[in-house]
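This report concerns only the one structure given below.
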Amino acid sequence: MSAAATTTTFSGRGAGVLRHPILWVAVVLLVLTALWYAIDAPESLIAEIAIYTLYGAAVNLLVGYTGLVPFGAAVFFGCASYATAIALLRGMGNEIEALVFALGFSLLLAVVIGLIILRRRGLYFSLLTLAFSQTAFEIAFKWTALTGGENGLQNVPRPLMNDPAVFHVFTLATVTLGMWLLWRIAHSPFGRTLQALRDNEQRVRSLGYNTFLLKLVAFVVMGVVVGYAGSLLALLLRGAYADNLGWQHAGDALLMVVLGGVHQFLGPLWGAIAFVILEDRLSALTENWWLMFAPIILVFALGSPEGIAGLVQRITGRTRWTLTRPGIPPRPARIAPWQSAHLQLDPAVPILTVEGLHKRFGSLVTAADLRLEVFPFQLHSFIGPNGAGKTTFFNMLSGLLAPNAGVIRFQGRDVTRLADYRRVRLGLGRSFQILSVFRTLTAFENVRIAVQAHAAGAGNLWRDAYRMEAVNARTWSLLDAVGLADRAAEACESLAHGEKRLLEIAITLATDAKLLLLDEPLAGLAEADREVVGRLIRRLAETHAVLLIEHDIDRVLALSDRISVLHQGRLIADGKPAEVAANPEVITAYLGTAHGAPPAVAAAPGAAATAPVLPLLDIAGLRAGYGGSTVLDGIDLRVGTGEAIALLGRNGVGKTTLLRAITGTVRASSGGITLEGMAIGGRPSFEINRRGISLVPEGRRVFPNLTVVDNLRLAARPGGASLDEVYDLFPKLRVLARARAESLSGGERQMLAIARALMVPAKLILLDEPFEGLAPAIVQEVMAALARLRGTVAMVIVEHHAETVLPLVDRAYVLVNGQVAFAGSARALEADPALQARLLGVVQPELDAV
């Protein structure tokens, strides 16, 4: 469950004083202190818990908030303890001065280390932090004259706090203050951006943020706070020792964070309590206390991935992330209509000029001497068949890919080698072909982060981000403009695919770009939403420059001022829509047939609306949803052996949720699902797949780092299709067998996803939006392949466009608000435009008489 799994609004004072996590920190530490005094135990153990709580919370600023995992944060913990001890032993006046010195030393050390290692990501970053920690250990262990070597530094004076009780109070007070500072930072514009960075770094860059600087500041804050905790430990122990730097203890804080709960602000507190007390008790029993402690860690890792805090939440039934307070800013009584700023540009002067652009990947040429001009206040569409190089071209324009040759000029400035986030700041914004949103954040926070990027104080570490009223107001306006204001408090991961596409459009509009690069913004949208977004794009072209990639050729022809056509990396046409539509080369390359000709796929034979004689899948009274909400409400559905079924409906009615319930990734709250008479409801996904149900998910989800043939072999099982059989179905995959999946076009990935589903012995294949984002020629290829499969394997096809899928299937189901509103013959639904319009919001366009 994400941090956004709540529909409440932010009241301005969090969830109430009694639930404030900082109050809990203070109360827990005071209660533990009182308890230890009551049993006449040394309070130093509680001070140690407090110190490690702060240590863990600082580490979690990177792990839980930023998505970076430092194995060696101990380099700051140990080095700061030495800095404090050396300062006091060599004549510094008192503890306060030594602490300030250690903070300055930690700041400098964090900046230097951060500048070196933050150029690396993932495991390399983690190992580099560990390498620095181990290097510091070797220096401390061998530089006897400075560090005391193996014996460390002892008898460190505490002139101001020689009384243990005074130091204990000081420790608890400053640790609580440090935790409050971290809580404050988490809610600042900077802290909120870190959580977006954790989810999707590329998208954060595309909004104009310098992600390297964001990570560096987070790393430095972590280093300084960890350094302060290390200084307190040196004062507590009255000494500094090298073992705090060694690899044996480098991961202690990280272990406490995981034990307590990575996605819980108080996780480090619960982890520190458990770790320190267990270490104290178990080490008194045996020198090999880790042999007893390790099984406890394993039990929590397997049984409660969210640690102690997550276990408590599961018991109480209130599962959610608590890295920040719940809720969003209150919705205004009246949401101001969204207005885009009108740009003061000369319509006769191109805003974007591309000259001689080349790009190749090995022997594959995706751009060959591309020359293009984009003018302000025009909708310029950039179309072509799948694999033509359109998204690669956008990636070069936006800075994600560097061209091999050529020049890109934006408003006369050469931006060919300019960083992507700097291009955004100049006024070049984009959306992405594959959904690029912040999965665990709310819909409101997704858009607010984008709006904040261009507001004053975007990097502020102190101000409450939700008190930036102008940012909040613009966020609400953008959400309302795309029809998501009522879903603002929902977690992005719980939105329907079409709603996520609308959300990405709102994120892109929030950048206030002069030139908008829109990569298939209509993909995955129902017809009614396509109309809304199409009108929005047309309106944007009146105040901006818009470069649009889209496969909905009818809408492209209707909306565009100018169209350029790309094929095999070169421009084959450029001009007015009517000219391009009549170009024979365009018709051959892009459309595959003359425009308007129906796909060459035979219609499915008629079928009665009654259930088939040999039922394969039977769903009865199914109810399911997310986070306590009901998405599916009493679904009844049957699929017969070898039967093809269309599952239709507007965005958000529950089509994808139904497929997830069938495959076991969403648990049903009631109702039953049987496959060949055997109940599969509640079974693990892998077991359902082995029983004969394969899924072709939305977005394809192939393994990008594997080749085509490796993707297929990974799924292959005895009884499934052979490589030759899937190559016969999709001949292009044979040609691309050794190509990595990440280099495939959208259509080629869709073919691979379907082929992969056939490699298992499937009785039923679930296809979620199989025609989304495909050129007409590729749609025909995929439809022809599915037509060949008809009768040999049962299929359930989720699709927005009834006219595309109804000729292919036997029967159709239409969902409205999570319930079945129509179940019957596909022929009957196909022949009733009025019924389609009522159930699907589809208005058939009037065609000119021939």
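The values are calculated or read from the model by the stated rules, or taken from the named source; none is laboratory data. Keep in mind the model is a prediction, meaning the values are calculated, not measured. Ideal geometry is used to build each Cβ from the backbone, glycine not excepted, and the neighbour counts take in all protein chains shown. The protein model used for the area step is the full one, side chains on, heavy atoms only, and it has no ligands, DNA or RNA in it. Shrake-Rupley method; radii C 1.70, N 1.55, O 1.52, S 1.80 Å.
Here are the numbers for the structure shown:
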quantity	calculated
163, 280, reordered so the largest accessible area comes first (probe 1.4 Å)	163, 280
Residue order for 830, 803, 772 - accessible surface, 1.4 angstrom probe, largest first	803, 830, 772
Sites residue 160 and residue 210, calculated FRET efficiency, Cβ-Cβ separation with R0 30 Å, nearest 0.05	0.10
HN-Hα J in Hz across segment 257-274 - Karplus 6.51, -1.76, 1.60, θ = phi - 60°, x for Gly and Pro	4, 5, 5, x, x, 4, 9, 10, 4, 8, x, x, 5, 5, x, 5, 4, 5
³J(HN,Hα) computed for each position of segment 327-336 - Karplus, 6.51 cos²θ - 1.76 cosθ + 1.60, integer Hz, glycine/proline x	x, 10, x, x, 6, x, 4, 9, 7, 5
Cα-centred dipole magnitude for segment 191-255, charges only on beta-carbon of K, R (+1) and D, E (-1), debye, nearest 20	280
Given charges at Cβ of Lys, Arg, Asp, Glu: the chain dipole, positive-most of 151, 197, 67	151
Burial order of peptide ranges 809-818, 530-539, 673-682, 484-493 (average beta-carbon count within 10 Å, highest first)	809-818, 484-493, 530-539, 673-682
Accessible surface, 1.4 Å probe, highest first, among residues 133, 283	283, 133
Helix-only mean residue ellipticity at 222 nm for the chain, each DSSP H run of n ≥ 4 adding -39500 (n - 2.57), per residue, nearest 500	-13500 deg cm²/dmol
Efficiency of FRET from Cβ geometry, residue 27 and residue 243, R₀ 51 Å, rounded to 0.05	0.95
Answer label, with Rg/Rh (Cα atoms, Kirkwood Rh) calculated from the coordinates and candidates (i) 1.06; (ii) 1.01; (iii) 0.98	(ii)
Nonlocal amide H pairs with residue 668, under 5 Å, H built at 1.01 Å	682
Estimated FRET transfer efficiency when R0 is 60 angstrom, pair residue 669-residue 346 (beta carbons, to 0.05)	0.50
Net charge of Cβ neighbours under 15 Å - reference residue 129; Lys, Arg +1; Asp, Glu -1	+3
Eligible aspartates and glutamates near residue 390 by straight Cα distance, threshold 17 Å, same-chain separation 8 or greater	355, 369, 373, 519, 520, 550, 552, 574, 742, 748, 772
Among 752, 809, 785 - extreme Cα towards positive end, dipole of the chain, charges at beta-carbon	752
Out-of-range pairs (alpha-carbon distance over 32 Å; input 359/732; 514/576; 576/655; 359/576)	576/655
The chain, relative contact order [Cα under 8 Å, separation at least 6], %	12
For segment 155-307: rounded, prolate or oblate by the Cα gyration tensor [a/c cutoff 1.5]	oblate
Three-way shape call for segment 16-86 based on the alpha-carbon gyration tensor, with the a/c threshold at 1.5	oblate
Formal net charge of residues neighbouring residue 150 (Cβ-Cβ distance under 13 Å; K, R +1; D, E -1)	-1
Charge dipole (debye, nearest 20) of the chain; +1 at Cβ of Lys and Arg, -1 at Cβ of Asp and Glu	620
Qualifying chymotrypsin sites (Phe, Trp or Tyr not before Pro) in segment 75-166, DSSP loop, other Cβ atoms within 10 Å at most 14	143
Prolate/oblate/rounded call for segment 372-465, Cα gyration tensor, a/c under 1.5 rounded	prolate
Between helix 44-60 and the chain: long-axis angle, C-alpha atoms, 0 to 90°, nearest 10	30
Nearest-10 value in Å² for the accessible area of residue 184, using the 1.4 Å probe	80
Rounded to the nearest 10 Å², the accessible area of residue 751 at probe 1.4 Å	0
Selected from 730, 21, 553, residue furthest toward positive end of dipole (the chain; charges at beta carbon)	21
With DNA, RNA and ligands ignored, accessible area of residue 477 (1.4 Å probe; Å², nearest 10)	10
Karplus 3J(HN,Hα) series, Hz, for segment 497-513 with 6.51 cos²θ - 1.76 cosθ + 1.60 (x for Gly, Pro)	4, x, 5, 5, 5, 4, 5, 5, 4, 5, 4, 5, 5, 5, 6, 6, 6
Nearest-ten-degree value, helix 290-303 long axis tilted from longest Cα axis of the chain	30
Between segment 404-464 and segment 96-119, the alpha-carbon center distance in angstrom	30
Point-charge dipole on Cβ atoms (K/R +1, D/E -1) for segment 481-524, about Cα centre, debye to 20	100
